[in-house]
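We did not get these values from a lab; they are worked out from the coordinates using the rules stated. Keep in mind that what you see is a predicted model, and the values were worked out from it rather than measured. Backbone-built Cβ (ideal geometry, glycine too); neighbour counts: all protein chains shown.
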Amino acid sequence: MESDTKLQSSWWNAATVGFHFVPLAPVGVQAGPYSGLASVKVLGKDYTRILRLLLCGFLFSSIFSSLYSCDGLFPAVLNLASNALITTNATCGEKGPEMYCKLVEHVPGQPVRNPQCRICNQNSSNPYQRHPITNAIDGKNTWWQSPSIKNGIEYHYVTITLDLQQVFQIAYVIVKAANSPRPGNWILERSLDGVDYRPWQYHAVTDTECLALYNIYPRTGPPSYAKDDEVICTSFYSKIHPLENGEIHISLINGRPSADDPSPELLEFTSARYIRLRFQRIRTLNADLMMFAHKDPREIDPIVTRRYYYSVKDISVGGMCICYGHARACPLDPVTNKSRCECEHNTCGDSCDQCCPGFHQKPWRAGTFLTKTECEACNCHGKAEECYYDENVARRNLSLNIHGKYIGGGVCINCTQNTAGINCETCIDGFFRPKGVSPSYPRPCQPCHCDPVGSLNEVCVKDEKRARRGLAPGSCHCKPGFRGVSCDRCARGYTGYPDCKPCNCSGAGSTNEDPCFGPCNCKENVEGGDCGRCKAGFFNLQEDNHKGCDECFCSGVSDRCQSSYWTYGQIQDMRGWYLTDISGRIRVAPQQDDVDPPQQISVSSLEAHRALAQGYYWSAPAPYLGNKLAAAGGQLTFTISYDFEAEGEDAESVLQVTVILEGNDLRISTAQDEVYLQPYEEHIHVLSLKEELFTTHGTNFPVSRREFMTVLASLKRVLIQITYGPGVEAIFR
């Protein structure tokens with residue numbers, strides 16, 4: 001809808017200046033100008049954009065509901081002045097009766113009926129002689145009036161202050177003069193605390209005075225705004241005519257750059273509890289101007305000075321509660337006399353400025369006319385009522401949302417039923433969740449049963465995700481010589497529970513079905529009467545090695561070595577990774593998260609295939625390359641996740657993972673490993689760096705120990721290939 005659209009309707013009276021929708025005025029609120037206004041033009045001012053933004057969510061009729069739609073929720077715009085506390089520092093007749101004369105009745109050529117001067121007396125029993133400041137907001141045909149400058153030049157300087165009693169978002173201010181011209185020089189100001197006031201708009205008699213008095217270049221013609229928080233000076237509303245009943249329309253939103261979708265600057269600029277009109281010069285006839293410039297008003301004929309004073313018959317402040325796009329209603333609480341947002345979208349607080357407890361999966365955000373934002377429930381599997389948002393958790397895709405996707409950063413607090421974890425998905429120490437039991441079960445965690453003699457501690461494997469080395473959930477961590485789910489019996493090669501002493505044959509080096517009986521039969525690379533040591537040229541005796549020991553590799557210098565007890569170091573660096581083809585001639589940089597150093601890299605499969613049509617590989621940076629002989633027998637660990645670029649796709653995908661190592665003119669690779677993965681789910685892939693897991697790339701020929709170590713001695717490239725079904729457009733991490 002264009003901003004200059006006019007709506008024609010029999011509901012409003014075209015003879016009035018401010019169109020009134022009296023049936024739509026909220027209960028207890030005086031139906032003042034724009035209290036129920038749709039899109040209209042008043043005195044050439046177009047309020048379409050203001051009301052389209054601020055009245056969003058307030059359904060006027062089927063006509064308006066078809067014209068205006070929004071995603072955010074906003075309460076109705078009300079005339080906030082009607083419920084404000086209003087004060088002034090000067091009112092006529094406060095110090096006793098005083099005479100005043102209407103300027104319009106003393107100007108030649110003006111048709112006047114019964115011209116006469118009148119009395120203003122605040123203590124009079126005649127209500128027509130009293131003009132208190134409350135008349136400016138009572139919605140009646142009465143007015144406030146200041147002392148005339150007959151009483152002194154100081155009465156050019158008069159201030160009116162409105163206390164709205166809480167902070168609101170202000171859309172416009174309209175001031176209507178009564179029996180005098182509009183003010184000449186004055187400032188409209190705002191404040192949040194009633195102490196620190198900041199200008200909204202300057203007004204001056206002439207453009208020259210904008211610069212001379214306020215040090216602001218004048219904005220000529222009707223007021224316009226180049227920035228959301230621009231403060232202008234205008235002489236547009238300080239003209240001498242009309243001599244009475246003139247109006248001033250100050251728009252604080254309409255015409256500003258982000259009026260349709262307010263920026264933080266505009267929202268801050270329009271927030272106020274206190275509004276102050278600081279009058280600084282009464283508008284006079286040009287013929288009287290020179291006289292006032294050279295004489296004290298008290299020296300001038302009272303017939304002249306009684307004509308000059310301020311009068312205001314109505315101040316309208318169009319605004320609404322600050323509910324940040326999360327409430328369609330903001331009723332007045334009769335007890336506190338304050339309006340309170342009726343929050344929706346799972347938001348809470350007086351201004352809907354925070355997510356409700358348990359709804360922190362996504363960070364709180366303000367809604368706008370164009371954007372609907374809701375607080376989303378955390379997925380605590382029914383085991384916690386509160387949570388908080390963690391940006392780092394969100395960035396690493398560690399929090400599972402209620403839709404089964406790893407989107408958001410909700411972290412559950414005070415998990416019950418012996419559960420723990422970001423989503424209360426695992427168990428506290430001493431408990432485990434059996435295989436096949438969902439975290440949503442009423443009591444998913446069962447006590448561990450770890451034998452105090454054979455177990456390292458009372459903590460067992462908590463769930464399938466944390467299961468390692470073939471241990472099932474509930475399996476305890478055993479001391480050497482013990483085995484079993486509860487570590488309550490002797491391991492192979494040991495006998496005599498609870499002492500579990502070594503058998504005569506090594507359980508790691510022998511092939512005996514029971515190492516405690518019969519003669520010891522050693523594995524291929526093992527020797528000794530008990531099969532307890534590696535043969536010369538071999539090392540690292542392990543039970544899960546079918547040959548028992550690994551062959552030494554000493555770069556041809558020697559064929560003898562021995563096992564060491566050094567621990568493996570760790571390289572973890574996400575800087576410098578790139579995508580390439582098998583030839584390595586093309587490089588594509590992936591996206592990195594904004595953590596320094598980065599914790600995650602990602603790529604759009606669509607963009608990758610444009611540059612690397614024959615398939616692409618993740619290529620490791622320099623810290624992973626060079627002489628890596630010490631990595632033999634260690635592990636290469638990486639995490640995989642993905643999400644679809646198109647909406648509505650959430651089917652499980654089968655990914656094939658292959659690792660390629662290149663060095664010393666050899667290229668070796670693992671067999672394709674299938675991974676079944678849901679969108680946003682993380683898979684931790686662990687590859688043991690052992691020669692039996694590799695073949696010569698492109699063949700089925702096994703890799704010898706010498707070939708494997710030759711590659712590691714001068715590692716040139718580490719490539720990770722992840723393939724998936726054709727036509728899948730996804731973001732891979």
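Points worth noting:
- Spin-label pair residue 716/residue 557, simplified geometry with 7 Å Cα→Cβ offset, distance in nm: 2.4
- Each of the peptides 186-198, 659-671 was scored by the mean count of other Cβ atoms within 10 Å over its residues; in descending order, highest first, they stand as 659-671, 186-198.
- Virtual spin-label span in nm between residue 656 and residue 353, 7 Å along Cα→Cβ: 5.7
- When both bridge partners sit in the range 169-242, DSSP labels roughly 75% of those beta bridges antiparallel.
- Each peptide in 308-316, 496-504 gets a packing score, the mean of other Cβ atoms within 10 Å over its residues, and the list from highest to lowest is 308-316, 496-504.
- Taking a straight line from the alpha carbon of residue 628, these lysines sit under 23 Å away, with near neighbours fewer than eight places off in the same chain left out: 690, 716.
- Residue separation of residue 196 and residue 465 scaled by 0.36 nm, minus their Cα-Cα distance, works out to 91.1 nm of gained length.
- Label zone (residue 665, point 7 Å along Cα-to-C-beta; backbone nitrogen cut-off 19 Å) within the range 526-560: 555-556.
- Ranked by the mean number of other Cβ atoms within 10 Å of their residues, highest first, the peptides 432-440, 332-340, 274-282 come out as 274-282, 432-440, 332-340.
- Beyond 18 Å in Cα-Cα separation lie the following of the pairs 102/150; 501/547; 227/372: 501/547; 227/372.
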